[in-house]
Amino acid sequence: MVADPAHMSSARASVVSLDGLALATQRWRGERSPSLLFAHGFGQTRHAWNGAARALAAQGFDATTFDARGHGESERVPRGDYHMEQFVADLLAVADVSPSADGRPPVLVGASMGGLLGLVAAGESAGAKAPFSALVLVDITPRWETAGVERILGFMRAHPQGFANYDEAASAVEAYLPHRRERKTEAQLKPLLRQDTDGRLRWHWDPALLDGVVQESERYQPRLFAAAARVDVPVLLLSGSRSDVVSSHTVDEFLRLVPHARHVALADATHMVAGDANDAFTREIAAFMHTL
């Protein structure tokens with residue numbers, strides 16, 4: 001029997017990183033194995049996964065989401081000294097405390113940055129104890145389209161002074177995602193914004209992330225290619241048919257690197273796949289989980 005996603009409850013907790021930061025996590029309990037671990041994209045929070053996590057938990061799958069360091073309710077790095085290695089270590093730390101009921105490691109569902117971190121963690125552990133039972137990569141490949149990434153970063157840099165109210169923030173999101181039919185409500189925006197001491201509302205991520213992590217990303221590509229070629233667990237790549245970050249060229253290149261991977265393009269979805277087509281997104285993940 002499938003439960004009603006609207007009535008699914010979750011429990012919040014924190015995981016302490018190797019360097020002592022508290023990482024905020026949220027878990028929907030289920031009995032099916034393997035479990036699911038969701039890793040969000042750069043500048044997002046765990047709430048990006050709420051709809052998918054609830055829907056899959058309603059089908060019996062144990063689902064955990066978490067805020068990456070410097071995002072959402074997770075702690076920020078002192079002096080803004082962020083590096084990709086920290087994020088990989090954090091992902092492994094959360095995976096280690098999110099095993100399936102039968103002891104198997106979780107299936108990682110990683111969007112954008114979260115997917116890249118998963119590739120590194122999985123590929124570099126090949127032949128050793130696997131941190132994940134499988135990978136679901138959400139609109140990301142080791143090589144990405146620069147124009148699409150620059151559009152994302154442009155939005156993140158666009159409002160350094162924040163917003164006077166939630167209506168202003170909703171207008172900014174509406175301009176960035178014009179294909180979305182529904183305007184963001186205050187309730188939907190609250191988890192994504194924080195009120196600073198000056199009374200202004202600002203996105204719930206550390207502005208310092210735009211320096212260290214972004215500058216490191218291009219230099220990380222050779223490592224991503226090497227890791228992807230070593231991934232030996234099942235892989236599902238879900239891309240948006242209207243994405244400007246992933247293209248047919250980057251997908252083809254990825255499938256040559258990981259020939260056992262399966263690719264599904266979701267119609268009418270952009271880079272924000274789960275937000276654009278959550279029903280189709282969760283259906284594909286559920287179908288994939290039944291193959292494991």
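The values are calculated or read from the model by the stated rules, or taken from the named source; none is laboratory data. The structure displayed is predicted, hence computed values, not measured ones. Cβ sites come from the backbone with ideal geometry, for glycine too, and all protein chains shown count toward neighbours. Heavy atoms of the whole protein, side chains included, go into the accessibility calculation; ligands, DNA and RNA do not. Shrake-Rupley method; radii C 1.70, N 1.55, O 1.52, S 1.80 Å.
Miscellaneous remarks
- Listed by first and then second residue, the pairs with beta-carbon distance under 8 Å, at least 6 apart or on different chains, first residue in segment 268-292 and farther than 19 Å from V149 by Cα and of a type in the set (S, T, N, Q), second open to solvent by less than 50 Å² (accessible area, probe 1.4 Å) and not in a loop (DSSP other than H, G, I, E, B), are N278/G51; N278/A52; N278/A55; T282/G51; T282/A52; T282/A55; T282/L56.
- Some residue of segment 184-203 being among the hydroxyl-bearing types (S, T, Y), farther than 19 Å from A269 by Cα and touching a residue at least 12 places away in the same chain (Cβ under 8 Å): yes
- Matching option when the condition is modelled with pLDDT under 95 and touching a strand residue (DSSP E or B) at 6+ places or on another chain (Cβ under 6 Å), among A277, A265: A277
- Candidate set from segment 194-207 (those that are assigned to a loop (DSSP other than H, G, I, E, B) and more than 16 Å from G41 (Cα to Cα)); member that is modelled with the highest pLDDT: R200
- Count of segment 93-111 residues which are among the small types (G, A, S) and at pLDDT 95 or above: 4
- Sole exception among (1) modelled with pLDDT of 95 or more; (2) open to solvent by less than 20 Å² (accessible area, probe 1.4 Å) for S133, by number: (2)
- Where D90 falls short, out of the listed (1) open to solvent by 10 Å² or more (accessible area, probe 1.4 Å); (2) farther than 20 Å from M289 by Cα: (1)
- Of the candidates V251, V246, the single residue that is touching a residue at least 40 places away in the same chain (Cβ under 8 Å) and under 18 Å from the mean Cα position of the chain (by Cα) is V246.
- Residue count for segment 28-43, restricted to those that are in contact with a strand residue (DSSP E or B) (Cβ under 7 Å, 6 or more places away or on another chain), open to solvent by 10 Å² or more (accessible area, probe 1.4 Å) and more than 19 Å from A13 (Cβ to Cβ): 2
- Every test in (1) in contact with a Ser or Thr (Cβ under 6 Å, 6 or more places away or on another chain); (2) in a helix (DSSP H, G or I) is passed by D252 save one, and that test is (1).
- Test for R180: is it among the charged types (D, E, K, R), within 24 Å of S74 (Cα to Cα), outside any helix (DSSP H, G or I) and touching a residue at least 40 places away in the same chain (Cβ under 8 Å): no
- Scanning segment 65-89 for residues that are in contact with a strand residue (DSSP E or B) (Cβ under 8 Å, 6 or more places away or on another chain) and within 22 Å of E124 (Cβ to Cβ) turns up F66, A68, R69.
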